[in-house]
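First comes the structure, then the notes that go with it.
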Amino acid sequence: MRIYLSVDMEGVSGVTRWADVVTRGQDYQAARRWMTGDVNAAVAGARAAGATEVVVEENHGTEMLCNLLLDEIDADVDVVRGQPRGGATTMWALDGSFDAVFLVGHHASAGDYPGICAHTISHTHYKDVRLGGRSVSEGEMFALAAAQYGVPTALITGDDVVCGILQKCCPGIETAVVKQAVSREAARVVPPARAQVIIRDAAARAVERVRAGAVDAPEPDPPFAFEVELREPVTDEVRAAVARRFPEFWVSADGRVFAFSADEMGLAFRMAAIVQFLAEQPERVRAY
Ligand SMILES: [Zn+2]
């Protein structure tokens, strides 16, 4: 059994504040260790239940998606890290040959409150990201992308909010709740040493459930209609330039909402992520 494990940092055991997940934060180096420990726990649980191969993909945007401690990670996994990745920066190495996806250290969406470090793709730029008119989390997008390859998402680890979200869209998914969110930066935290026992056990159960055919992937229903709502509107000039140069995006008259649709969730995630660069670097939009 082959497992594709996507790891983010906001939902890792111990992580509580934005300052924990950025390079200069007081606990950033500790958070890298917690993140690596959470991955190792999931790998150990999966292996104990019979998984034969785990590919780990780093999906936390700090330091060009290189946050795991490679000296401490299980030596038998492969790690996808760094950017750019020549296409999607999420689920880059996933294909239909995997038996299950694990989401470790993931977080709630921009539309959620509470939720530790809740955001969708860009904390700085995005007020909300909606799919079919409702707030969508990164985890749901990952699960839908995996579902398009026929791969179920079998494990979510993070706060109680993200675990609840994934339970709704992936019936049968195993959860490891490592903290109860009180707000966006306060939680009742299970310390990493104990949390990693919870993760290990949940990962083992997840593999058993996959083997029993007891995990359902969400039903993808393309085309996927997305809206990215920005915190700050783009100018009319940028809006006109986007219309001219990037007709894949429709921009609302007030410059706050970018809408697009795509048949493939991997592409949709990339398009949703690119909006931040169109908003952040208008000179490049004008230059194209
Ligand atoms: Zn992250």
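The figures follow:
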quantity: Residues of the stretch 112-148 that turn out to be assigned to a loop (DSSP other than H, G, I, E, B) and closer than 23 Å to Glu264 by Cα, as a count; calculated: 8
quantity: Which numbered condition Trp92 misses (of (1) in contact (Cβ under 8 Å) with a residue 40 or more places away in the chain; (2) among the aromatic types (Phe, Trp, Tyr); (3) closer than 20 Å to Ala272 by Cα); calculated: (1)
quantity: Of all residues making up the stretch 21-40, the number that are without any contact (Cβ under 8 Å) to a residue 40 or more places away in the chain and either within 11 Å of the ligand (Cβ to nearest atom) or not assigned by TED's automatic domain parsing to the domain that holds Asp74 (or both); calculated: 1
quantity: Residue under evaluation Tyr126, criteria (1) over 23 Å from Arg209 (Cα atoms); (2) hydroxyl-bearing (Ser, Thr, Tyr); (3) touching a helix residue (DSSP H, G or I) at 6+ places or on another chain (Cβ under 6 Å), criterion not met; calculated: (3)
quantity: Tally, over the stretch 167-201, of residues that are surrounded by fewer than 24 Cβ atoms within 10 Å (Cβ to Cβ) and in a helix (DSSP H, G or I); calculated: 11
quantity: Lone qualifier among Val12, Val43, Val56, Val104 - being away from the ligand (no atom under 16 Å from the Cβ), in the same structural domain as Ile156 (by TED's automatic domain parsing) and either buried (at least 23 other Cβ atoms within 10 Å of the Cβ) or part of a helix (DSSP H, G or I) (or both); calculated: Val43
quantity: Unmet requirement for Tyr126, which otherwise passes all of (1) outside the structural domain of Val104 (by TED's automatic domain parsing); (2) buried (at least 24 other Cβ atoms within 10 Å of the Cβ); (3) aromatic (Phe, Trp, Tyr); calculated: (2)
quantity: Residue within the stretch 225-246 that is in contact with a Ser or Thr (Cβ under 6 Å, 6 or more places away or on another chain) and either within 16 Å of Val129 (Cβ to Cβ) or in a helix (DSSP H, G or I) (or both) present; calculated: yes
quantity: From the options Val242, Val238, Val228, Val234, residue that is crowded, with 21+ Cβ neighbours inside 10 Å, over 29 Å from Trp92 (Cα atoms) and not assigned by TED's automatic domain parsing to the domain that holds Leu155; calculated: Val234
quantity: Candidates Arg85, Arg81, Arg24, Arg33 - the one that is in contact with a helix residue (DSSP H, G or I) (Cβ under 6 Å, 6 or more places away or on another chain), farther than 23 Å from Ala217 by Cβ and basic (Lys, Arg); calculated: Arg81
quantity: Some residue of the stretch 238-245 being closer than 24 Å to Met9 by Cα and out of contact with any Leu (no Cβ under 9 Å at 6 or more places or on another chain); calculated: no
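The values are calculated or read from the model by the stated rules, or taken from the named source; none is laboratory data. Keep in mind it's a predicted model, so treat the numbers as computed, not measured. Ideal geometry is used to build each Cβ from the backbone, glycine not excepted, and the neighbour counts take in all protein chains shown.
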